Structure formats: C-alpha cells, structure tokens
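Comments concern the structure below.
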Amino acid sequence: MAEDGVVKYQVIHQPGGSLDWADLLVLETWRQRLQQRGWLGQYPDGVSYGNVSQRYAQGGLVITATQVAHRSELTGTDYVLVTDYDSQTHTITVIGSTCASSEAPTHWGIYQLDPRIQVIFHIHCETLWNQLLQQPQIPRTPPEVPYGTQAMAQAMRRLYPVGCDPFQRNCLVMAGHQDGIFSFGRTAIEAGQVLFALAGVDHARLIP
C-alpha cells in the first residue's frame, strides 16, 4: 500500500478565509461513521487512506486534507476548499496552505458528471472491493489506470456518458487501486446508503 496517499497533482495555494464548520457537520458525521467501519483509516506503514467531499455552494468542492483519514475527529482546518482543477496540467487550486487529499482531481471529475451530485465518499475495503469486482453491473475503472491521476479523472467520466442517470449506478470500484471504492449522492445519506447496502450492513437507522 506504499503508494496510497501520495499526492500526484500540482497545486496552487491562494489566500482566503476559513470554512464555516457548521456547513461541514453532516459530512464530518458521515466521515466518522465510515472510519468506524474501518473504511477510512491508516495502514501499518503510516499512510492514510480514504476521503470525503461535498460540493461547495460558492463553487468548487470541500474535501478532507491529505493524510488525516486516521484521525477520529476533524476540525475545519482538516478540510480544504478546492476552487479549480486544470485537467491539462493536472493542477488544483486551493484556498489556504493545506494540501487536499490525493484523490481531489477524481472527486472534481465526478462532480462534473451531474450538478445534482453533492457528496462523494472514497473508501477502502478489501472484502467489498473483491466482491464488487465480481459484479459486472458495478462500474469500474480500468486496472491499468492509477489513482489520483489525470487518467483516473477521465476514466470516471467515461463510465457515465452524457445523458445517462448517474444515480442509477452511484457506486463504482477502482480496479487499478487496491481496495478503492467510490460512492456519491445528492445527499450524504444517499452516498452512504449504497455502501452500507452493498456491504450487507443494516442502514435503516442511518442519520442524515
């Protein structure tokens, strides 16, 4: 798992104010729920895995910072506002001095699929990953496409052609990224429910 968590994009840091923590409470609640299942965390070599994001009302996205997935609780400084992504140069623009998660370009690409997508979860679960690879109806990125790259962002878009309803298949597996799974939704509960359902976990009492 040595390559997990490695930032592969270029970054432009711009000055700006802090995020409103009240806007992140639901996302953080769900991040903690995913972490409690071991779907976000840290490998024995110290590298963190998994990340969550939400669309930002003023444009762009808010995503967990790099190497924070193992922390039981995050604060506003552990989330990063990404205001732009240039796919030609593989460069993201962020507010502040903190680096966004290594999968920020992939999150950006998924948000471009449909303006209704508001929340994205990226988890790691070996058992579920192996199960989903055996299910042909589950979208998957090619095994030769590495995570956190321009090619991955492009592969995500190819999985959901223009005109399709992405919410009919709002979970996908990264065949070339060991244990990597993405889900998305119009709400955090929609993004979370699909993961819990596929994992066979009772999700009837999930909070918003």
Item to check | Unmet criterion (only one of (1) over 16 Å from residue 30 (Cβ atoms); (2) in contact (Cβ under 8 Å) with a residue 60 or more places away in the chain; (3) not hydroxyl-bearing (Ser, Thr, Tyr)) for residue 169 | outcome: (2)
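Here are some residues: 72, 87, 97. Which one is in contact (Cβ under 8 Å) with a residue 40 or more places away in the chain, of a type in the set (Gly, Ala, Ser) and closer than 22 Å to residue 201 by Cα?
Values: 87 fails: closer than 22 Å to residue 201 by Cα; 97 fails: closer than 22 Å to residue 201 by Cα.
Exactly one residue qualifies, and that residue is 72.
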Checklist entry - Taking region 84-129 only, how many residues are more than 24 Å from residue 178 (Cα to Cα) and among the β-branched types (Val, Ile, Thr)? => result 8
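Out of region 152-175, which residues are hydrophobic (A, V, I, L, M, F, W, C) and farther than 19 Å from residue 86 by Cα? Spell out how you get there, then give the answer.
Quick first cut of region 152-175, residues hydrophobic (A, V, I, L, M, F, W, C) only: 152-153, 155-156, 159, 162, 164, 167, 171-175.
Result: 159, 162, 164, 167, 171, 172, 173, 174, 175.
What residue, of 69, 22, 2, is of a type in the set (A, V, I, L, M, F, W, C), part of a helix (DSSP H, G or I) and at pLDDT below 95? Lay out the reasoning, then the answer.
Numbers: 69 fails: part of a helix (DSSP H, G or I); 2 fails: part of a helix (DSSP H, G or I).
Exactly one of 69, 22, 2 is of a type in the set (A, V, I, L, M, F, W, C), part of a helix (DSSP H, G or I) and at pLDDT below 95, namely 22.
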Checklist entry - Only one of 106, 149, 127 is closer than 22 Å to residue 81 by Cα and either surrounded by fewer than 22 Cβ atoms within 10 Å (Cβ to Cβ) or at pLDDT below 90 (or both); which? => result 149
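Taking the residues in region 89-120 that are of a type in the set (Ser, Thr, Tyr), assigned to a loop (DSSP other than H, G, I, E, B) and within 16 Å of residue 151 (Cα to Cα) as candidates, determine which candidate is nearest to the chain's Cα centre (by Cα). Write out each step before concluding.
Let us first name the residues in region 89-120 that are of a type in the set (Ser, Thr, Tyr), namely 89, 91, 93, 97-98, 101-102, 106, 111.
From the residues that got through so far, the ones that are assigned to a loop (DSSP other than H, G, I, E, B) too are 89, 97-98, 101-102.
From the residues that got through so far, the ones that are within 16 Å of residue 151 (Cα to Cα) too are 89, 102.
Numbers: 89: 21, 102: 10 Å.
Filtering first and then ranking leaves 102.
Out of all the residues in region 41-60, which are in a loop (DSSP other than H, G, I, E, B) and closer than 18 Å to residue 185 by Cα?
Of region 41-60, the ones in a loop (DSSP other than H, G, I, E, B) are 43-47, 50, 56-60.
Selection gives 50, 56, 57, 59, 60.
The values are calculated or read from the model by the stated rules, or taken from the named source; none is laboratory data. Keep in mind it's a predicted model, so treat the numbers as computed, not measured. All Cβ positions, glycine included, derive from the backbone under ideal geometry; neighbour counts span all protein chains shown.
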